[in-house]
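Report on the following structure.
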Amino acid sequence: MNDDAEQTLIGISRKLDVLIALLLEESELSEDRVSKKKGTAFKVNYLANFGLNSQEIASILNSPIQSVRTLLTPARRKKNG
């Protein structure tokens, strides 16, 4: 793949991340039915179940990548699952 094609795909990926974030804000996942902490854990696990990596999830949720990685550890996933 040449450099131009790769840059185009990166740009498309960023735009899709923005769309996902906007849709997530409008969805029932953003309602205050659960605490903010549990809500974030739920969102992280929800997005991870679609095959997104921790960097992509952190970008979508505007969260620190280390926090996302922590929430994706097996023990945390089971607890928040």
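Per-structure values
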| read-out | value |
| --- | --- |
| Considering residues of segment 67-81 that are of a type in the set (Gly, Ala, Ser) and part of a helix (DSSP H, G or I) only, the residue modelled with the lowest pLDDT | ALA75 |
| Yes/no for VAL18 being modelled with pLDDT under 85, among the aliphatic types (A, V, I, L, M), in a loop (DSSP other than H, G, I, E, B) and surrounded by 10 or more Cβ atoms within 10 Å (Cβ to Cβ) | no |
| Those residues of segment 24-66 which are part of a helix (DSSP H, G or I), at pLDDT 90 or above and surrounded by fewer than 16 Cβ atoms within 10 Å (Cβ to Cβ), in sequence order | GLN55, ILE65, GLN66 |
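The values are calculated or read from the model by the stated rules, or taken from the named source; none is laboratory data. Since the structure is predicted, the reported quantities are computational estimates derived from the model, not experimental observations. When we count neighbours, we look across all protein chains shown, and the Cβ atoms used for this are built from the backbone with ideal geometry, even at glycine.
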